[in-house]
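Reading through the structure tokens given below for one structure.
Every read-out reported here was derived from the displayed coordinates using simple, explicitly stated rules and does not represent laboratory data. Everything quoted here is computed from the prediction, not taken from an experiment. Ideal geometry is used to build each Cβ from the backbone, glycine not excepted, and the neighbour counts take in all protein chains shown.
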Amino acid sequence: MNKWFISGIALATLTAATFAKDRSVALNKSIESLEPMKGIVLWPDQAEEQKDLQGSISLEFSYCLPCAVVKGKSDDKIEYDWSSFEKLLDGIKSRGHQAIVRFRIEYPGESISNAPNCTEKVVGATAVPKYIKEMDGYNESKNDVDGDGVTYYANWNFDELKWFYKQFYTDFAAKYDTDPRIAFVQVGFGHWAEYHIFGTDLTDSNFANKDYQKEFLKHVDKQFKETPWNISIDAADDEYTPIVASKDLMKLHFGLFDDSFMHEEHDISQGDGDNEKNWQAIGKDRWKTAPAGGEISYYEDKDQHEFLNPAGLYGVTWEKAAEKYHMTYVIGNDAPEGKYATKDRVYEASSYAGYKFEVTGYTVNKVSAAVRVKNIGIAPLYHNAYVTVKGVRSEKSLKGLLPDEEATFTISGIEIGDKESPEVSITSDKLLNGATIPYKASLDGSEKPIEGTVDEKGNTAIKSARIGYSNSQNRANMTDIKGRTDTHKARGAYFPTSKQ
């Protein structure tokens with residue numbers, strides 16, 4: 001008989017005998033601090049200045065410059081100086097927040113300062129590394145973009161630039177993909193890396209051609225294993241990009257950001273609805289596997305200043321807009337200049353975004369625990385996180401648990417006393433040191449025990465389920481209930497209790 005499978009009479013006998021000592025445990029928790037990696041986002045200078053809001057946000061956004069971290073190239077390898085980037089990340093971390101970063105090349109009307117490897121004090125200069133700009137044959141075009149200012153454009157026909165841009169993300173991901181200081185990465189081409197290039201003629205030299213975009217996006221998708229990456233919803237424009245027309249590109253694991261969220265005619269019902277059309281073309285159900293984010297519109301000052309108005313902006317409240325698009329985060333950097341960005345309101349708005357967990361069942365026996373978790377938020381969590389009991393994690397992650405879904409997570413290889421009520425926490429390697437994910441629970445211990453616990457042999461009471469051994473997520477050298485020491489522990493398990 002296969003020792004991992006239990007069927008028929010054996011299951012009934014095992015359930016009655018081995019699992020008779022399963023018991024529900026009381027657990028009462030309220031969410032008293034903002035969950036990580038979600039909510040209203042400020043830029044670092046604003047986040048530092050707004051002391052009262054620091055507990056109401058968990059994320060800060062910053063543009064970043066390739067030229068600021070690249071010293072040159074030697075022996076076909078890029079030479080980096082990450083010190084300025086490290087300073088940025090450490091500053092954000094010091095406030096208990098995590099970063100959203102976007103490396104950009106073009107920024108209309110913007111001067112670069114305090115970056116020795118960049119073209120300093122040149123209005124509209126690109127962030128192409130200096131070593132490339134100094135190469136023979138490299139040249140850039142220039143235009144004065146109406147309303148935005150002088151803009152220089154990288155030469156995307158230049159082979160070294162194309163090689164560099166892919167290699168840069170290879171090196172960046174190798175160094176920072178697992179770094180808990182970074183929650184999300186945004187990538188793209190054109191003005192602000194948002195797939196804009198208005199006010200000038202589109203050519204292969206001032207905007208990456210479609211073949212290179214395909215190559216680049218497929219490459220980036222392979223680099224990031226832990227950190228979700230986003231592109232602009234404007235990448236739905238088939239004049240600039242190949243994405244919507246390519247089944248292969250549409251299968252990539254990118255999320256979306258909307259750089260003019262909640263503007264006056266954002267939705268189809270409000271007017272031109274170009275933003276919503278882009279979401280539909282390139283997104284629709286993408287939020288189920290990759291984050292939806294962006295920034296509140298800057299079209300009018302009132303957009304940023306008033307989007308937190310509980311009565312709404314242009315007939316739509318933040319909560320309704322966030323729920324419709326399953327937003328995990330949104331930049332509202334100018335919100336403090338309005339009257340609605342109070343400490344409580346920003347916290348309330350941040351809390352509404354993204355995921356939110358409730359523990360709806362908790363059962364233990366002498367060697368394991370089963371914890372049922374429901375996502376009561378508007379989007380999934382896009383990072384791996386684990387139900388943790390006595391320092392041991394479930395094998396399966398909470399990542400991807402959809403709104404209104406419930407699942408049971410098993411933690412095994414632990415010892416629990418007959419009257420012990422071990423603490424439950426939600427942990428992740430993508431959180432800052434010591435941080436956990438808060439959750440709510442209202443269990444008095446009288447509930448019917450939930451299925452999912454494991455016996456001394458690693459068997460589970462759940463029908464058709466099996467538990468194996470050798471889980472690297474759990475602690476090594478655990479001592480089992482009979483006093484034996486074993487480096488192989490029973491795996492924690494993820495058992496859906498509603499449709500996935």
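Counting each DSSP H run of 4 or more residues in the chain as -39500 (n - 2.57), what helix-only mean residue ellipticity at 222 nm follows after dividing by all residues, to the nearest 500 deg cm²/dmol? Present the calculation step by step, with values, prior to reporting the outcome.
Details: 12 runs with 105 residues, N = 500.
It lands at -6000 deg cm²/dmol.
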- Query: Picking from Tyr298, Gly273, Gln98, whose Cα lies most toward the positive end of the charge dipole for the stretch 39-352 (charges on Cβ: Lys, Arg +1; Asp, Glu -1)?
  - Reply: Gln98
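For Glu86 and Gln270, what is the calculated FRET efficiency with R₀ set at 51 Å and r taken between the beta-carbons, to the nearest 0.05?
Working: r = 43 Å, r/R0 = 0.84.
Step by step, r from the Cβ atoms, then E = 0.75.
Taking every pair of alpha-carbon atoms in the stretch 39-352, give the share separated by more than 25 Å as a whole percent.
Working: 24383 of 49141 pairs.
Looking at the stretch 39-352, the distances longer than 25 Å represent 50 percent of pairs.
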- Virtual spin-label span in nm between Lys324 and Ser205, 7 Å along Cα→Cβ: 4.3
- Query: So, counting K/R as plus one and D/E as minus one, what does the shell of residues with Cβ under 11 Å around Leu398 add up to?
  - Reply: +3
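Which pairs, out of Lys175/Lys430; Lys214/Lys277; Lys29/Lys284; Lys162/Lys430, put more than 26 Å between their alpha-carbon atoms? Write out the running numbers ahead of the final one.
Working: Lys175/Lys430 14 Å; Lys214/Lys277 22 Å; Lys29/Lys284 34 Å; Lys162/Lys430 31 Å.
Those over the limit are Lys29/Lys284; Lys162/Lys430.
Evaluate the stretch 393-450: find the radius of gyration of its Cα atoms, find its Kirkwood radius, and give the ratio Rg to Rh.
Numbers: Rg = 13.5 Å, Rh = 14.1 Å.
Rg/Rh for the stretch 393-450 comes to 0.96.
Placing unit charges on C-beta atoms (Lys and Arg positive, Asp and Glu negative, everything else neutral), compute the dipole magnitude of the stretch 315-357 about its Cα centre in debye, rounded to 20. Kindly include the intermediate steps, with their values, before the conclusion.
Numbers: 6 positive and 6 negative charges, 19 e Å.
About 100 debye.
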- Which of the aspartates and glutamates could be linked to Lys218 by a straight reach, that is with a Cα gap under 17 Å, when you skip same-chain ones fewer than 8 residues away? Asp171, Asp177, Glu226, Asp248
- Query: Is the stretch 327-381 rounded, prolate or oblate when judged by the Cα gyration tensor, a ≥ b ≥ c being the square roots of its eigenvalues, rounded requiring a/c under 1.5 and prolate requiring a/b larger than b/c?
  - Reply: prolate
- Given the Cα-Cα distance of Asp238 and Asp146 and 0.36 nm per residue of separation, how much length would full extension add, in nm? 30.8 nm
- Task: Tell me the label-point distance for the pair Ala26, Lys247, using the 7 Å Cα-to-Cβ offset, in nm and rounded to one decimal.
- Result: 5.8
- Message: I need the semi-axes of the equivalent ellipsoid of the stretch 256-296: take the C-alpha gyration tensor, multiply each eigenvalue by 5, square-root it, list largest first in whole angstrom.
- Response: 18, 12, 6
- Message: Output needed: percent of Cα pairs per 5 Å distance bin for the stretch 167-259, bins running from 0 to the one holding the longest distance.
- Response: 3, 13, 25, 25, 19, 11, 5, 1, 0
- Item | Efficiency of FRET from Cβ geometry, Val123 and Glu226, R₀ 25 Å, rounded to 0.05 | 0.10
